[in-house]
Amino acid sequence: MHVGTIKEIWRFPVKSMGGERISAANIDYAGFADDRTWAVRDDETNEIATARRIPKLMMLKARYLTEPTTGFGPVAASRVEIEFPDGRRVSSDDPYASAILSMYLGKRVTLIPRPAARDKAAYRLTQPMSPREIRYILGMSADDPDPDFSWFSLKVLTNLSKYTTPPGALYDVYPLHFITTAALDSMNAIYPEGNFCSQRYRPSFVIETNPELTGIVENSWRGRDLRIGDALIRCNHPTIRCSMPGTQQPGIHQDPNVPLTVMRHAGQHLGAYASPRNRAGIQLGDSVELVDQASTKLYVWFDDVGRRVKSQVVKAGNRIAQWQEQKRDPSSALKSPYPRGFRPFTLVKREQESSDIISLWFQDPERSELPRFVPGQHIVLAIPQLDGGLVYRPYTLSSPGHQLDSFRISVKREVGTVSGEPAVGRGSGWLHDQLAVGDRMAIKDPNGQFGAVPTDSRPLALISTGIGITPMLSILQSVAKENPERDVRLFHGIRDPQDFAFQGALEGLKQQLANFHLQLYVTGQGGEPPVGSHAGRMTPERVCAALPDVDKYDVLICGKPAFSKAFHDGLLACGIAAERLHFESFGASLGVDDGDQTAYRIHFSQSEQTVNWNPAQESLLSFAEEQGIDANSGCRYGACQACECTLLSGEVRYPDDVQPPGGKNKILLCSARPKSDLTLAL
Ligand code: FES
């Protein structure tokens, strides 16, 4: 029976990312030959990443730069290009591809070619999903009945319990997945605002069904074959839908009512899983025939009997898993003295850079190669204290992104006053006075949204004062390696020439970078000013006047919050577009003490920590850092949105001069303080 024609064919070069529309595809027993040949690996869990666990993957798109060949691993991998929401495109052979992905996703990941089927370890689940997580992903409330996994074959159920995807493939459940226009139209009729387009569901192909077919017709095709061109494809069973199609994707708005509509009106099923039965090709416009088979009734009968048996097994399994989850000892998460993601490093070298700045080199005794990072990013140190406790401090890396044997940070001894008495920073003081070569301390891998990709070609203007030079050093060294012809201008302010740290390193960079311009501004009198330096304070106007064409430059600013704010406002006034301005600040944030001394309960949902708010902290950002929770940050005064975070419950307050973010349930950690108990997606 003729049921329709092929309207769309899709392939997805990188698992969990958006794909590309194609006009024809070769089908093998494992699905489309060129589908999902790359994946992202979560380096923290060593698992192949899925959008269920890292939803931001849904915002990325991938396409092939060279046509793929069949096979596995780096030899067979063809080049892909990943497109980010801001339009940035990164090729898989860019040495910084994984670092850029990690920066965007906010966690360490590696872009990997599809591992071979025999490499089962690469596919293994290290954190099986709990029943609670499954319900959350399926968008089910506590009152909804258990999801019915008895649709899946025993082989699929076994795979799902052990692997992220079947070894040798990167699809979730079955090699192919299709959807019909009749099914999409039926959902659109129920919820017209929902935009039930095929891209939400990322099918392998879409069948434009004949006009007389209405509703979710594919539900009735279970156990039957479709003949499409020369291809014979078995419809295994209806696709179980999770909440993912309701999330935002490129060109598609977020709408939780979309999966809710499918759950309430379609029994959580839309589209169908399918398996190829021969090697063949399909193309756009191919006629789709539903094959009459004597065996279908038998298939469905066996399937139904099997489902009834499996249903009991799955229910029993669910009950056991729920019982285990309830019984799980919550204190087991506390066995490590550090929050998740920290591991021990050894200090292998320290050097005095100026009277109050030291550089420290750390190596991981377990790994000879550290992850590449985007220069400008920071690491977080868990710094021991004399009272036996720990304080957590982020430090920008001053080593280049390609230096893989050690991390270097450069730390200024922070001096201030407490109750009118001189005091040294708890973090920097310990690093300066106590830490010796050979000592170990826990460090979290590089993170943060501030940085410049060395392989880009856009001109760079780097603006810093004092210890704000550290990310700029990292950027300059990295650009010197990857792109020595790039136009890079450094504007740096110092107080006294005698305390000018890294002068030698900057002189060396002048030899390595063909288009490097350094403008130094000196405000103090201590010592002989470096040749060519400018006397007086660096201002946005002076920087703008020195830039040959302000529109050309990506601008990175690093200094104290007041400095960053002055440059942010000043450079905007000079005509530099807001999206070209990037910030990182250090030192105290500009938060205010609101007089509320309540020790609210703050729950960090991703880190699984619940702690009492410390009213002495200026903001939720500094509070999270105090707890060792690595949160993104930039300007630290409410301008750049880098610290935006999802507030899952509770209320916050802001200083009068900070504009809260527009997104629903979004807060700016750097400026917000709690007004009630909170749950944060951190
Ligand atoms: S760090 Fe810039 S807005 Fe919070």
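The values are calculated or read from the model by the stated rules, or taken from the named source; none is laboratory data. The structure displayed is predicted, hence computed values, not measured ones. Methodologically, a virtual Cβ is constructed for each residue, glycine included, from the backbone with ideal geometry; neighbour enumeration extends over all protein chains shown. For accessibility, only protein heavy atoms count, side chains too; no ligands or nucleic acids. Shrake-Rupley method; radii C 1.70, N 1.55, O 1.52, S 1.80 Å.
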Review point. Do you know which residues across region 606-635 are outside any strand (DSSP E or B), more than 18 Å from K675 (Cβ to Cβ) and more than 13 Å from the ligand (Cβ to nearest atom)?
Key: Q606, S607, E608, E626, Q627, G628, I629, D630
**Study point:** Options S478, S474, S464: the member that is of a type outside the set (A, V, I, L, M, F, W, C) and part of a strand (DSSP E or B)
**Key:** S464
Practice item. Read through the list (1) free of Cβ contacts under 8 Å to residues at least 40 places away in the same chain; (2) in a loop (DSSP other than H, G, I, E, B); (3) within 10 Å of the ligand (Cβ to nearest atom); (4) not β-branched (V, I, T), then give the number of the only condition that C670 fails. Key: (1)
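Every residue, every condition in (1) in contact (Cβ under 8 Å) with a residue 12 or more places away in the chain; (2) in the same structural domain as E482 (by TED's automatic domain parsing); (3) over 26 Å from the mean Cα position of the chain (by Cα), yes or no:
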site	(1), (2), (3)
I9	yes, no, yes
F32	yes, no, yes
A49	yes, no, no
T69	no, no, yes
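Kindly indicate whether I602 is within 13 Å of the ligand (Cβ to nearest atom), at pLDDT 90 or above and either in contact with a His (Cβ under 9 Å, 6 or more places away or on another chain) or of a type outside the set (S, T, Y) (or both).
For I602, the condition - within 13 Å of the ligand (Cβ to nearest atom), at pLDDT 90 or above and either in contact with a His (Cβ under 9 Å, 6 or more places away or on another chain) or of a type outside the set (S, T, Y) (or both) - is not met.
Hey, among the residues in region 438-493 that are of a type in the set (D, E) and closer than 20 Å to I409 by Cβ, which one's modelled with the lowest pLDDT?
Here the answer is D445.
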Review point. Only one residue in P529, P561, P540, P548 is of a type outside the set (D, E, K, R) and either within 30 Å of V652 (Cα to Cα) or touching a residue at least 40 places away in the same chain (Cβ under 8 Å) (or both). Which one?
Key: P561
Check your understanding: What is the one condition in (1) assigned to a strand (DSSP E or B); (2) modelled with pLDDT of 90 or more; (3) touching a Gly at 6+ places or on another chain (Cβ under 9 Å); (4) within 16 Å of the ligand (Cβ to nearest atom) that V555 does not satisfy?
Key -> (3)
Check your understanding: Among (1) more than 15 Å from the ligand (Cβ to nearest atom); (2) open to solvent by 20 Å² or more (accessible area, probe 1.4 Å), where does I576 come up short?
Key -> (2)
Exercise for review: Go through L462, L404, L476 for me and flag whichever is farther than 24 Å from G559 by Cα and either in contact with a Phe, Trp or Tyr (Cβ under 9 Å, 6 or more places away or on another chain) or not assigned by TED's automatic domain parsing to the domain that holds A616 (or both).
Suggested key: L404
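Kindly establish whether L678 is in contact with a strand residue (DSSP E or B) (Cβ under 8 Å, 6 or more places away or on another chain), more than 8 Å from the ligand (Cβ to nearest atom) and either open to solvent by less than 10 Å² (accessible area, probe 1.4 Å) or not assigned by TED's automatic domain parsing to the domain that holds R108 (or both).
On the way: in contact with a strand residue (DSSP E or B) (Cβ under 8 Å, 6 or more places away or on another chain): yes; more than 8 Å from the ligand (Cβ to nearest atom): yes; either open to solvent by less than 10 Å² (accessible area, probe 1.4 Å) or not assigned by TED's automatic domain parsing to the domain that holds R108 (or both): yes.
Answer is yes for this residue.
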**Study point:** Search result, residues across region 636-657 that are open to solvent by less than 40 Å² (accessible area, probe 1.4 Å), over 16 Å from H603 (Cα atoms) and more than 8 Å from the ligand (Cβ to nearest atom)
**Key:** P655
